[in-house]
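Trainee: For reference, the structure I am asking about is given below.
The values are calculated or read from the model by the stated rules, or taken from the named source; none is laboratory data. For clarity, every value in this text was computed on a predicted model and none was experimentally measured. All Cβ positions, even for glycine, are placed from backbone atoms using ideal geometry, and neighbour counts span all protein chains on display.
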Amino acid sequence: MFARGETIIQYMEKLAPKHYAVPDDRIGLQVGSLRKEIRKVLIALDVNAEVAEEAASLGAELIIAHHAPIYRPLKHLQTDTPAGALMASLLRNDIAVYVAHTNLDTADGGMNDWMAEALGLEGRAVLEEVHTDKLFKLVVFVPKDHAEKVRGALFGAGAGWIGNYSDCSFNVDGTGTFLPREGSNPFIGKPGKREEAEEVRIETVVPDSVRKAVIQAMLKAHPYEEVAYDLYPMDLKGRTFGLGRVGALPAAESLDEFAERVKRAFDVPFVRVVGDAGRSVRKVAVLGGSGSRYIRHAKFAGADVLVTGDIDYHTAQDADVMGLAIVDPGHNAEKIMKPKTAEWLQAKLREQGYETEVIPSSIDTEPFRVK
């Protein structure tokens, strides 16, 4: 059994929900249709002519990419231009393209966590907040002998987290009353007769990101035909998601030693370095992609060094003056997302019994070379 395109993207959006993206980012389905069975998925950093050819040769019906092939608005679709020829190739081979960009960067367990893990950073925190999960208080009334089943369903769907504590709830015993009317099918009692039941009032915290799943799980586990529950917005701040990560190396090392660590971690032939070779670095900020705008964020976070791509000349000078070292492995360091995304998505599909194969692209889309 092969997964349909819509199903694959539902899993992908559990890893990288769309609302995690920064405003106006080009994400989601850009080319083709998801309304088909998918035998093979190709995971790519960029989508160019070589990647499109690779997908066609593999028989992949879907490319999940990090960088959008349609980033700047297309004024025309002339097939004798590079952009037009790429789109024509994708459409001719019925290959859909779905993009997960800053939502994958921001995601817990996504791009920036993968990069931080590759560098061996400990005690990681977000560099810049992008999204905070709103919290709700869910209150539901359950017959006493079904309370544990409903609690388990709530916790299993993601409710009940407070910081690093899970399965959090407050429970009060009480008596519920109800009168089943004509046409009802009551779990307790008979239509036309008012009933009393020993019930438990269960209160728990629900993040907005899993609110629908929690409600569905609760309704499925609850024995009543009509479930009495309330949902209240809370002022408490939920989990924060954002761009970049800040963490610490296991031990301090020189900037040049750290630069070698970066080269190994991201499998790049060279890095550009700002700062004295022998200076000691321990606290590290890392941000996938182009991070010129984040040197002050890194300095404010107390980082000794920022690892990011596309640093320009004047930004490098500014960082040097403020005492922030920089190691720039290039934008292409984000290629770490290819095997990581493929591994994550393949595991999810296998868990559900799907035979769809997820393959990381073998095409190196690095445009630069060093002589």
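Trainee: Just need a number here: residues in region 71-103 that are aliphatic (A, V, I, L, M) and under 21 Å from Ile8 (Cα atoms). Walk me through it before giving the result.
Mentor: Looking only at region 71-103, we keep the residues that are aliphatic (A, V, I, L, M), and these are 74, 77, 83, 85-88, 90-91, 95-97, 99-100.
Going one step further and asking which of them are under 21 Å from Ile8 (Cα atoms), we end up with 90-91, 95-97, 99-100.
Looking only at that region, the number is 7.
Trainee: Out of everything in region 297-319 that is charged (D, E, K, R) and surrounded by fewer than 21 Cβ atoms within 10 Å (Cβ to Cβ), what residue ends up being nearest to Ala248 (Cα to Cα)?
Mentor: Within region 297-319, the first condition is being charged (D, E, K, R), and the residues that meet it are 299, 304, 310, 312, 318.
Remaining after also requiring surrounded by fewer than 21 Cβ atoms within 10 Å (Cβ to Cβ): 299, 310, 312, 318.
Numbers: Lys299: 14, Asp310: 23, Asp312: 25, Asp318: 23 Å.
In this case the residue turns out to be Lys299.
Trainee: Just checking, does region 183-197 include any residue being loosely packed, with under 12 Cβ neighbours inside 10 Å, assigned to a loop (DSSP other than H, G, I, E, B) and on the phi > 0 side of the Ramachandran plot?
Mentor: Yes: region 183-197 contains one or more residues that are loosely packed, with under 12 Cβ neighbours inside 10 Å, assigned to a loop (DSSP other than H, G, I, E, B) and on the phi > 0 side of the Ramachandran plot.
Trainee: Which numbered condition in (1) under 22 Å from Pro339 (Cβ atoms); (2) in a loop (DSSP other than H, G, I, E, B) is the only one that Ile64 fails?
Mentor: It is condition (2) that Ile64 fails.
Trainee: Would you mention how many residues in region 45-65 are touching a residue at least 60 places away in the same chain (Cβ under 8 Å) and either within 16 Å of the chain's Cα centre (by Cα) or not assigned by TED's automatic domain parsing to the domain that holds Leu349 (or both)?
Mentor: Of the residues in that region, 2 qualify.
Each row is one residue, and each column tells you yes or no for (1) crowded, with 20+ Cβ neighbours inside 10 Å; (2) not acidic (Asp, Glu).
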{"site": "His66", "(1), (2)": "yes, yes"}
{"site": "Leu74", "(1), (2)": "no, yes"}
{"site": "Leu91", "(1), (2)": "no, yes"}
{"site": "His101", "(1), (2)": "yes, yes"}
{"site": "Glu122", "(1), (2)": "no, no"}
{"site": "Leu127", "(1), (2)": "yes, yes"}
{"site": "Gly158", "(1), (2)": "no, yes"}
{"site": "Asp167", "(1), (2)": "no, no"}
{"site": "Val172", "(1), (2)": "no, yes"}
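Trainee: Can I ask one more? I'm trying to understand the selection: among the residues of region 32-61, which are basic (Lys, Arg) and either outside any loop (DSSP other than H, G, I, E, B) or buried (at least 17 other Cβ atoms within 10 Å of the Cβ) (or both)?
Mentor: Matches in region 32-61: Lys40 only.
Trainee: For Ala298, work out the one condition from (1) touching a Lys or Arg at 6+ places or on another chain (Cβ under 9 Å); (2) in a helix (DSSP H, G or I) it doesn't fulfil.
Mentor: Looking at each condition in turn, Ala298 falls short on (1).
Trainee: Can you tell me how many residues within region 340-370 are in contact (Cβ under 8 Å) with a residue 60 or more places away in the chain and part of a helix (DSSP H, G or I)?
Mentor: Qualifying residue count, region 340-370: 7.
Trainee: Follow-up. Residues in region 111-138 that are outside any strand (DSSP E or B), over 16 Å from the mean Cα position of the chain (by Cα) and small (Gly, Ala, Ser): how many?
Mentor: Here the count works out to 2.
Trainee: Further, regarding this structure: Would you mind finding the one in Glu253, Glu226 that is out of contact with any Ser or Thr (no Cβ under 7 Å at 6 or more places or on another chain), outside any helix (DSSP H, G or I) and in the same structural domain as Gly152 (by TED's automatic domain parsing)?
Mentor: After ruling out the rest, the residue left standing is Glu226.
Trainee: Among the candidates Val286, Val268, Val246, single out the residue that is under 22 Å from Phe368 (Cα atoms) and in a strand (DSSP E or B).
Mentor: Result: Val286 is the single residue among Val286, Val268, Val246 that is under 22 Å from Phe368 (Cα atoms) and in a strand (DSSP E or B).
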